[in-house]
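The structure appears right after this line, and notes come after that.
The values are calculated or read from the model by the stated rules, or taken from the named source; none is laboratory data. The model shown is predicted, which means the values in this text are computed figures rather than measured ones. Reconstructed Cβ throughout: ideal geometry from the backbone, glycine too, with neighbour counts over all protein chains shown. To get the accessible areas, we keep the full protein, side chains included, count just its heavy atoms, and leave off ligands, DNA and RNA. Shrake-Rupley method; radii C 1.70, N 1.55, O 1.52, S 1.80 Å.
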Amino acid sequence: MLPGADAWHWPDGMHRVLRQVLSRRTLASTEELSLDLRHLTPVGEFRALDAAVELLCRHRAGTVVVVGDFDADGATSTALMFLTLRALGFADVKYFIPDRFELGYGLTPEVVERTRRFSPALIVTVDNGVTSVAGVEAARAAGIDVLVTDHHLPGAVLPRANVLVDPNLPGDPFSGKHLAGVGVAFYLLAALGKALDLPRAVLESLDLVALGTVADLVRLDRSNRILVSQGLKRIRAGRCRPGLKALVELAGGRLGDVTAATLGFQIGPRLNAAGRLDDMSIGVRCLVTDDQAEARELASRLDSLNRERRELEARMQEEALELVAAAETLDGGALPAVVCLKHEDWHPGLVGLIASRIKDRYFRPTFAFAPAEGGRVKGSGRSIPGFHLRDALAEVAACEPELIERFGGHAMAAGLTLAPGAFEAFASAVEGVARRCLGPDAFADRVLTDGELTPEDLCVEVAALLRDAGPWGQGFPEPCFDGRFEVLGRRVLKEEHLKLTVRPVGGRETVEAIAFRRAGEPLDGSEVVLAYRLEVNDYFATPRVQLVVEHIER
């Protein structure tokens, strides 16, 4: 709980449970409960925007090529930039998404060469570019101006772009350090629209800003919560891109019920599947098309790719668990501080998901690697609080520069390419970094909750109240409660999920609960402590409350 939060003057009539939840979130004051656009961090704080707007205006009559990234943030950033520049009267706007398997990440010299078929006067990067030193140099040498918009942490050397827009550049006074790539693009386009006397043009695509922000798992500070909240309002009102509408329908949802969780767990994965297994230009086309039939066809392709992704991921996860079990056996039952896994048959587009699953299960920073060209391996890492992945990789690269060919990322997620034969040496080196900065308590996976609820609070009204108080997400977690329950019944859904009928100890009414991927839990007739989220289950004619179980203790 924040110091002094109990003494705040909460709005009149605020429900006791909502006060209980919000007092445990990072709020400077109750004023932060207002999520109107006027409360966004001011555009004027962003130091580089004036120069970026000037550069864009100089090329309004020429050809502008938007170069994006192959994840959901990159796809929404690309679509946002493409659609808004066209709406602002730019004569010729095109986009290019590198194939992750052929061209890799960022504005490389090879990507610049591919874009030259468009004869661009200006390349605009979105969600990438701040580490693309060689690519920017190649573009400038070819007489192409470059505007970099990114949110990733810069390296020791900055690219020689005409203008760099990144809130994380050293010395930049902009306080919105947690913007996703799509958020950075939004701020630039807001400034551009103001300069061209079309200030509302970018607001038409707030649905894309919400999707990219949630999918990229950036911290939901107040500005990001405002962007997500305003985007969700447009989606629920049906004012969203046809492709996004089609994806929601394919996921079995309704626009009026979409939440940040819908975007993060249902729409984002379908969009990401294109970049992981195929070509993210499919995802961008889905987001930018105005043709509803084309949107449905492209959304269906994304849905098929996502089903394929889930099957591949399930196999890879089983293989990863076998590798971890083997490592535990070799090490006398102890896991290293950093889990590093490599498999010759893994798909390079899915290693980040595997790293995330293993990190969640064992609460260790985890890297997963797949084969790449020339004997190299490409990997992705996910971390736990207290271990900054990108800083750790920078330390390894400084001490043993022959191991890592390239890397980039954030505190909690990073990507890298290792030199041929460097896997074991890298695992040892990153383990040494972790041992120096992490104590034994760092590996204790704690379940944090918002406390207990009364049996009377387990109702649709409170669940709906909490749902509507969002958006919830990274850094502003969805409410989670704990309590002791009697298990009155259980059944297995789809061979892996556990559906329970429970009753709070001391209560009279029963309530339904679902524990995903816990089909093997023997809970009949037992009394358990559950950590859970409240959810409105409106599958039935009359909506019911449902507990979504996060943790079980007997």
Of 395-407, 98-110, ordering from highest average Cβ density within 10 Å down gives 98-110, 395-407
Carbon/sulfur fraction of accessible area - the stretch 411-512, other protein chains in place, 1.4 Å, %:
49 percent
What spacing in nm lies between the two simple spin-label points modelled at S175 and E294, each 7 Å away from Cα in the Cβ direction?
4.3 nm
Protection-proxy order for peptides 354-360, 24-30, 240-246, each taking the mean of Cβ atoms within 10 Å per residue, highest first:
240-246, 354-360, 24-30
Mind checking the full-extension length gain between F363 and A314? Use 0.36 nm per residue of separation minus the Cα-Cα distance, one decimal, nm.
15.7 nm
Hull-based mean projected area of the stretch 251-403, where the convex hull spans the alpha carbons, in square nanometres
11.8 nm²
Which whole-number percentage describes the relative contact order of the stretch 454-544, with Cα contacts under 8 Å and a sequence gap of 6 or more?
33 percent
Return the long-range amide H neighbours of G483 (sequence gap of 5 or more, or a different chain), with a cut-off of under 5 Å between placed amide H atoms.
L530
Once normalised by the length of the chain, the mean sequence separation of its alpha carbon contacts under 8 Å that are 6 or more apart gives a contact order in percent of 10 percent
Checking the stretch 452-523 for GluC sites (Glu not before Pro) in a loop per DSSP with at most 15 other beta-carbon atoms within 10 Å yields E452, E495, E496, E509
Where in the stretch 165-235 are there trypsin sites (Lys or Arg not before Pro) that are in a DSSP coil and have at most 11 other Cβ atoms within 10 angstrom of their Cβ?
R200
Checked the chain with the C-alpha gyration tensor, a ≥ b ≥ c its square-rooted eigenvalues, rounded below a/c of 1.5, otherwise prolate if a/b is larger than b/c and oblate if not; verdict oblate
Here, A327 and R47, labelled 7 Å along Cα→Cβ, have an inter-label distance in nm of 4.0 nm
For the stretch 36-100, what is the relative contact order in percent, using Cα pairs closer than 8 Å and at least 6 residues apart in sequence?
36 percent
With the full set of protein chains in place, find how many percent of the accessible area of the stretch 218-277 is carbon and sulfur; take the probe as 1.4 Å.
45 percent
Within the chain, count lysine pairs with alpha carbon atoms under 23 angstrom apart where the residues are 8 or more positions apart or belong to different chains.
7
What is the distance, in nm, between label points placed 7 Å from the Cα along the Cα-to-Cβ direction at S29 and at S526?
4.9 nm
Within the stretch 100-125, whose backbone N sits under 18 Å from a point 7 Å along Cα→Cβ of A142?
100, 102-125
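State in Å² the accessible area per residue of the chain; use a 1.4 Å probe, count heavy atoms of protein chains only, and round to the nearest integer.
43 Å²
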Pairwise FRET efficiency - R58 versus R307, Cβ, R0 = 41 Å, nearest 0.05:
0.35
